[in-house]
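Here is the structure we will look at.
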Amino acid sequence: MSRAGDVYDWVGDEPAEVSHEEFLVERVAVWQIMDALPFRHRRVLLAMAEYDGSYLKAAAALGMPAGSYYAWLAQARRAAARHWHAPETAHRAPGRRRATS
C-alpha cells in the first residue's frame with residue numbers, strides 16, 4: 001500500500017479518484033502553500049515526508065526532542081490548513097493600477 005493510502009486509512013476516507021488535472025492543481029496548490037509557510041514549518045513538514053511519517057526519525061534528523069517536534073508539527077499543520085482553506089483572491093492584471101488622487 002502506498003503512503004497516500006496510509007494517510008487515507010488514518011483519516012478514515014477512501015481516496016477519491018481524481019483526474020490528472022485535479023491532481024496537478026492540488027500539487028501546485030500544496031507547493032504554493034509550502035512557499036507561504038515560515039521556514040520552521042516547511043522544515044518539519046518536509047522532514048515528516050522524508051522519513052515516511054516517522055515522528056522519531058524526523059525529530060532526530062532535525063536534532064530536536066520528539067516533544068518539540070510534535071508541537072512544531074501541529075503548528076505547521078494548522079498553518080498549512082489555514083492557507084488551504086483561505087478564500088482565493090483574484091490577482092490584478094499586470095500593468096493595471098488604479099489611479100490615485
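Every number here is computed from the coordinates shown, using simple stated rules; none is lab data. All of these numbers come straight from a predicted model, not from anything done at the bench. With ideal geometry, Cβ positions are generated from the backbone for all residues, glycine too; neighbour counts draw on all protein chains shown.
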*So what is the relative contact order of region 35-85, in percent, for Cα pairs below 8 Å that sit 6 or more residues apart?*
39 percent
*Taking H placed 1.01 Å from N in the peptide plane, check which residues at least 5 places from residue 64 or on another chain put their amide H under 5 Å from its amide H.*
none
*Obtain the nm distance between the two label points defined at residue 78 and residue 52 by a simple spin-label model: each point lies 7 Å from its Cα along the Cα-to-C-beta direction.*
3.1 nm
*What distance in nm separates the simple spin-label points at residue 61 and residue 32, each placed 7 Å from Cα in the Cβ direction?*
2.7 nm
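Roughly how big is region 35-85's charge dipole about its Cα centre, with Cβ charges of +1 (Lys, Arg) and -1 (Asp, Glu), in debye to the nearest 20?
Computed charge dipole of region 35-85: roughly 180 debye.
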